[in-house]
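Once you've had a glance at the structure underneath, I'll fire off some questions.
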Amino acid sequence: MSDQNIPVDDKKRRSIRSFVLRTGRMTPGQQKAYDNHWPSKGLLLADGMIDYAQVFDRQAPVVLEIGFGMGASLVEMAKAAPEQDFIGVEVHVPGVGKLLHGMEEHNVDNIRVYCDDAVEVLKQCIADNSLDRIQIYFPDPWHKKKHHKRRLIQTPFVQALRSKLKEGGILHLATDWEHYAEHMMEVMAAAEGFSNQADEYCFSDRPAYRPVTKFEKRGERLGHGVWDLLFEKTA
């Protein structure tokens, strides 16, 4: 539905989105993987609250990744940690197709995926106090000042994330934009119920479980740093 067809009152009620749907078609390989594996690996918003044990057919620590892009690092991470289960959320269908293709190629079975808005997935599908880690790597920095309101990492969203983490669970953020890193740190340092795993107002070293992504390599080529924030839920 285009904005022209949305009633004015509904436009006012809609929250500001942190993403823009990019156009693009899946490659034949991505489409084939999507067709073959979405029925068994895909999760639907309409199905409501999920039971991890039922979805993965076991009890295991659960990690949620929001905005996995084309999915290469998520596949690598899940392959390296077969004792954990991963849920990926991505709005771009080609990225979902690429993830499913990567899962098939590397024989990875411990990922399930939503192709939907993470805000709605959190609200409708993820139980409170149920996740061991939430990771958000290289979200859109919306670097123009007039677009800062679109940044995903804002106080209300961080508190929504906290409600889904178990006590002791980790929120792991990473960015290659220094100003966004500073913004993230300001938000997290003031966030109720979180403790920085590094010293106060300090960034963390990249943990071994986070692969070096193409965005990180791109940032290094452009002379950018990369900043990781790891905050533990304390209450």
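The values are calculated or read from the model by the stated rules, or taken from the named source; none is laboratory data. This one's a predicted model, so the numbers in the text were calculated from it and none came from an experiment. Cβ sites come from the backbone with ideal geometry, for glycine too, and all protein chains shown count toward neighbours. Side chains included, ligands, DNA and RNA excluded: accessible areas come from the protein's heavy atoms. Shrake-Rupley method; radii C 1.70, N 1.55, O 1.52, S 1.80 Å.
Leaving ligands, DNA and RNA out of it, report the carbon-plus-sulfur percent of the accessible area of segment 114-235 at a 1.4 Å probe.
On the way: 2920 of 6120 Å².
Carbon and sulfur: 48 percent of the exposed surface of segment 114-235.
Next question, about the same structure. Using the Karplus equation 6.51 cos²θ - 1.76 cosθ + 1.60 (θ = phi - 60°), what ³J(HN,Hα) coupling, rounded to whole Hz, does each residue of segment 46-51 give in order, writing x for Gly and Pro?
5, 7, x, 4, 9, 9
For a quick check of your reading of the filter: which chymotrypsin sites (Phe, Trp or Tyr not before Pro) in segment 135-227 sit in a DSSP loop and have no more than 14 other Cβ atoms within 10 Å?
Taking segment 135-227 and a limit of 14 other Cβ atoms within 10 Å, the loop chymotrypsin sites (Phe, Trp or Tyr not before Pro) found are Tyr201, Tyr209.
I would also like to ask the following. What are the GluC sites (Glu not before Pro) within segment 128-212 that DSSP puts in a loop, where the Cβ has at most 12 other Cβ atoms within 10 Å? Present the calculation step by step, with values, prior to reporting the outcome.
Working: sites: Glu167, Glu178, Glu182, Glu186, Glu192, Glu200; in loops: Glu192, Glu200.
Sites meeting the loop and neighbour criteria: Glu192, Glu200.
From Cα pairs below 8 angstrom and at least 6 apart in sequence, can you work out the relative contact order of the chain, rounded to a whole percent? Intermediate results must be reported in sequence, preceding the final value.
Details: 391 pairs, mean separation 44.6, N = 235.
19 percent.
Quick one: P(r) of the chain from all Cα-Cα pairs, 5 Å bins, percents rounded to integers, in order of increasing distance.
1, 6, 13, 18, 20, 18, 13, 7, 3, 0
Using 0.36 nm per residue, how much length does the chain from Glu220 to Ala208 gain when fully extended, once their Cα-Cα distance is taken away? Please list the in-between numbers first.
On the way: separation 12, 0.36 × 12 = 4.32 nm, distance 1.81 nm.
Additional length available on full extension: 2.5 nm.
Could you give me the ³J(HN,Hα) list for segment 107-120, computed from phi with Karplus coefficients 6.51, -1.76, 1.60 and θ = phi - 60°, whole Hz, x at Gly and Pro?
My calculation for segment 107-120 gives 6, 9, 10, 9, 10, 10, 9, 9, 10, 6, 6, 4, 4, 6 Hz in order.
Still on this structure, please answer the following. At Ser195 and Thr234, where each label point lies 7 Å from the Cα along Cα→Cβ, what is the point-to-point distance in nanometres?
If labels sit at Ser195 and Thr234, their model points lie 0.6 nm apart.
With label points built 7 Å along Cα→Cβ from the Cα atoms of Met49 and Asp128, find their separation and express it in nm.
1.0
Using a 10 angstrom Cβ neighbour count of at most 11 plus a DSSP loop assignment to flag exposed trypsin sites (Lys or Arg not before Pro), which longest range of the chain is free of such sites? Write down the numbers at each step before the final one.
Numbers: sites that count: Arg14, Arg22, Arg25, Arg58, Lys144.
Result, exposed sites excluded: 145-235.
Moving on. Given bins 5 angstrom wide, list per bin the percent of all Cα-Cα distances in segment 176-235, short to long.
4, 18, 25, 23, 17, 9, 3, 1
Taking the alpha carbon gyration tensor of segment 63-130, what are the square roots of 5 times its eigenvalues, largest first, to the nearest whole Å? Don't jump to the answer; show the numbers that get you there.
Numbers: eigenvalues 75, 45, 12 Å².
Semi-axes (√(5λ), whole Å): 19, 15, 8.
Taking amide H positions as placed in the peptide plane 1.01 Å from N, state which residues far from Gln135 in sequence (5 or more) or on other chains have amide H under 5 Å from it.
Leu64, Glu65, Ile66, His172
Enter the accessible area per residue of segment 91-235 (Å², integer; probe 1.4 Å; all protein chains in place). It would help to have the intermediate numbers written out before the result.
Details: 7000 Å² over 145 residues.
Averaged over the residues of segment 91-235, the accessible area is 48 Å².
What is the distance, in nm, between label points placed 7 Å from the Cα along the Cα-to-Cβ direction at Lys149 and at Gln31?
4.0
Over 22 Å, how big is the tail of the calculated P(r) for segment 135-235, in percent of all Cα pairs? Mind showing how you got there, number by number?
Working: 1355 of 5050 pairs.
I get 27 percent for the Cα pairs in segment 135-235 exceeding 22 Å.
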